[in-house]
Structures are given as C-alpha cells and as structure tokens.
Amino acid sequence: MRKKQIRTDQAPASLARYSQGIRVGNTLYVQGMIALEPGGKMLVTGNIQEQTERVFENIRAVLAADGLDLRHVVRVVAFLAQLKDYPIFNDIYNRHFTHEPLPVRTTVQVGLPAGALVELEVTAIAE
C-alpha cells in the first residue's frame with residue numbers, strides 16, 4: 001500500500017515527527033489540528049470561537065493541498081479542553097458542516113497542548 005505525505009505552508013507545520021496529512025488510497029488522514037497560525041508555532045489567542053475558526057482554516061488548508069474540502073470529510077474527532085465550551089463549538093461546527101451526509105463525530109474532554117481549547121482530527125475520502 002502506497003502512502004503519500006500531504007503538506008502545505010497554509011497550515012501549521014508539524015511540531016514533532018508526524019505529517020500534516022497522509023493519503024492512503026482514496027483516504028486522507030489529517031493530523032489533529034489546534035489553533036496554531038500557519039507557518040509558525042503561535043497559538044491563536046482568544047476564546048473557543050476564535051480557536052475553533054482557526055482550526056477549521058487549518059484543516060481546510062490540508063484538505064485543499066490534496067484537492068479535497070469539508071464535503072469529503074467522513075469522520076471528525078473533536079477534543080475540547082472544557083466541555084462547557086461544547087455548545088459554542090457545536091454551533092461553529094454546524095456552520096462548517098452543512099452538507100449531507102454529515103460526518104460521524106466523537107467529542108471528548110482532554111488536556112490539550114500549548115493552552116489550546118480545541119483540537120480536531122479528520123478523515124476524508126476522495127470520490
């Protein structure tokens with residue numbers, strides 16, 4: 001099975017030894033993204049809304065680097081630092097995922113690096 005690394009300078013570089021995305025066959029696995037600015041290691045300062053929007057921009061950039069967009073996403077794993085942020089996060093999520101069928105999603109509360117409030121990991125399928 002052939003693996004292809006997906007990279008873009010429009011999303012944050014990996015902070016350790018992992019890829020922004022890996023394509024295997026028609027499936028793209030996108031790393032867990034926190035609200036880092038592209039090309040840097042600076043976390044977006046701000047609340048759950050600002051961080052979630054930055055995370056979606058980062059994910060869109062990796063998807064686009066492989067010719068995909070949010071319509072291709074079939075699975076989302078959402079990590080929240082505080083479950084009290086769930087309603088706000090969910091409203092933003094619902095604005096970004098408007099196509100049918102909607103992806104499956106898991107949301108959990110965890111400790112996140114660098115003061116991040118949200119992290120998203122997605123899996124997308126090319127048609």
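Numbers for the structure displayed
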{"read-out": "Answer residue from the range 1-30, given it is modelled with pLDDT of 95 or more and among the hydroxyl-bearing types (Ser, Thr, Tyr) and is surrounded by the most Cβ atoms within 10 Å (Cβ to Cβ) among those", "value": "TYR29"}
{"read-out": "Qualifying residue in the range 89-97 (condition: among the hydrophobic types (A, V, I, L, M, F, W, C) and under 26 Å from LYS4 (Cβ atoms))", "value": "yes"}
{"read-out": "Any hit, the range 96-114, residues being under 21 Å from GLN49 (Cα atoms), aromatic (Phe, Trp, Tyr) and touching a residue at least 40 places away in the same chain (Cβ under 8 Å)", "value": "no"}
{"read-out": "Pairs with Cβ under 6 Å, 6+ apart, first in the range 31-46 and surrounded by fewer than 14 Cβ atoms within 10 Å (Cβ to Cβ), second among the charged types (D, E, K, R)", "value": "GLY39/ASP9"}
{"read-out": "Conditions (1) within 18 Å of GLY115 (Cα to Cα); (2) within 13 Å of the chain's Cα centre (by Cα); (3) among the small types (Gly, Ala, Ser): number failed by ALA81", "value": "(2)"}
{"read-out": "Filter result for THR98 (surrounded by fewer than 18 Cβ atoms within 10 Å (Cβ to Cβ), of a type in the set (Ser, Thr, Tyr), in contact with a strand residue (DSSP E or B) (Cβ under 7 Å, 6 or more places away or on another chain) and at pLDDT 95 or above)", "value": "no"}
{"read-out": "Residues of the range 9-39 that turn out to be in a loop (DSSP other than H, G, I, E, B) and over 24 Å from GLY115 (Cα atoms), as a count", "value": "2"}
{"read-out": "For ASP69: the one exception among (1) surrounded by 14 or more Cβ atoms within 10 Å (Cβ to Cβ); (2) of a type in the set (Asp, Glu); (3) free of Cβ contacts under 8 Å to residues at least 12 places away in the same chain", "value": "(1)"}
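The values are calculated or read from the model by the stated rules, or taken from the named source; none is laboratory data. Remember, it's a predicted structure, so these values are computed and weren't measured experimentally. No Cβ is skipped: glycine too gets one built from the backbone with ideal geometry, and neighbour counts run over all protein chains shown.
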